[in-house]
Amino acid sequence: MNHVDFAVSILGKMVKLGIQPNVITFTTLLNGLCMEGKIKEAVGLFNEMVRRGLEPNVISYTTVINGLCKTGNTSMAVDVFKKMEQNGCKPNVVTYSTIIDSLCKDRLVNDAMEFLSEMVERGIPPNVFTYNSIVHGFCNLGKLNEATRLFKEMVGRDVMPKQWPSLFWLMGCAKKEWFQKLGLSLKQ
């Protein structure tokens with residue numbers, strides 16, 4: 001029995017002893033299950049938490065969304081995102097960025113852009129991970145003009161990686177002319 005399975009078994013013992021687990025307890029177990037790729041069990045535990053009358057918080061939802069995205073279940077993650085909003089829980093930059101990154105990996109960059117627009121409209125500023133996911137997604141699709149526009153928007157919002165090397169992996173998927181459009185040179 002591994003640590004997460006042991007922790008889940010302790011949850012059962014807690015309940016039998018009349019000790020009611022809280023959202024933090026459930027979220028910790030959700031995270032462990034998702035980290036081990038046990039998404040079916042995590043979703044079941046999430047549903048159990050709701051059945052017990054506990055309201056999942058942004059971390060609970062984002063944990064499940066991340067687990068779904070990491071296991072290739074982006075459409076289900078989007079469904080959970082929608083349910084999260086219907087239940088009055090507001091997504092944060094991590095929630096949005098997780099969905100956006102997964103959509104981009106699924107080559108659904110236009111859908112990712114819709115999520116980006118929505119988060120900006122709601123006053124949630126995108127971070128470097130958010131932008132990197134979409135720029136990289138556009139590069140992978142060969143849409144260098146869109147990648148360039150978004151990169152410039154990122155710079156205009158003063159959202160930049162703290163180190164240039166972390167930026168070059170992102171731009172490495174683009175062609176030489178993209179570097180020229182940005183006014184950058186590989187020679188320094």
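At a glance:
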{"quantity": "Checking Ser117 against (1) under 28 Å from Cys139 (Cβ atoms); (2) outside the structural domain of Lys143 (by TED's automatic domain parsing), the condition it does not meet", "calculated": "(2)"}
{"quantity": "Tally of residues being surrounded by fewer than 21 Cβ atoms within 10 Å (Cβ to Cβ) and closer than 18 Å to Ile10 by Cβ across the range 33-44", "calculated": "5"}
{"quantity": "Residues within the range 89-123 that are in contact with an Asp or Glu (Cβ under 9 Å, 6 or more places away or on another chain) and surrounded by fewer than 22 Cβ atoms within 10 Å (Cβ to Cβ), tallied", "calculated": "2"}
{"quantity": "Residue identified as out of contact with any helix residue (DSSP H, G or I) (no Cβ under 7 Å at 6 or more places or on another chain) and closer than 30 Å to Gly142 by Cα among Ser75, Ser9", "calculated": "Ser75"}
{"quantity": "Selection status of Asn127, under 14 Å from the mean Cα position of the chain (by Cα), over 24 Å from Val43 (Cα atoms) and surrounded by fewer than 17 Cβ atoms within 10 Å (Cβ to Cβ)", "calculated": "yes"}
{"quantity": "Number of the exception - Ser75 against (1) surrounded by 23 or more Cβ atoms within 10 Å (Cβ to Cβ); (2) out of contact with any Asp or Glu (no Cβ under 6 Å at 6 or more places or on another chain); (3) closer than 29 Å to Met49 by Cα", "calculated": "(1)"}
{"quantity": "Helices (runs of 4 or more DSSP H) contained entirely in the range 1-79, each with at least 1 residues that are over 30 Å from Arg107 (Cβ atoms) and either assigned by TED's automatic domain parsing to the domain that holds Leu103 or out of contact with any strand residue (DSSP E or B) (no Cβ under 9 Å at 6 or more places or on another chain) (or both)", "calculated": "3-16, 23-35, 39-51"}
{"quantity": "Residues being without any contact (Cβ under 8 Å) to a residue 12 or more places away in the chain and either of a type in the set (Gly, Ala, Ser) or surrounded by 14 or more Cβ atoms within 10 Å (Cβ to Cβ) (or both) - total across the range 51-70", "calculated": "1"}
{"quantity": "Some residue of the range 141-160 being outside the structural domain of Phe81 (by TED's automatic domain parsing), on the phi > 0 side of the Ramachandran plot and either in contact with a strand residue (DSSP E or B) (Cβ under 7 Å, 6 or more places away or on another chain) or modelled with pLDDT under 90 (or both)", "calculated": "yes"}
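The values are calculated or read from the model by the stated rules, or taken from the named source; none is laboratory data. The model shown is predicted, which means the values in this text are computed figures rather than measured ones. For neighbour counting, all protein chains shown are included, and Cβ atoms are generated from backbone atoms with ideal geometry for every residue, glycine included.
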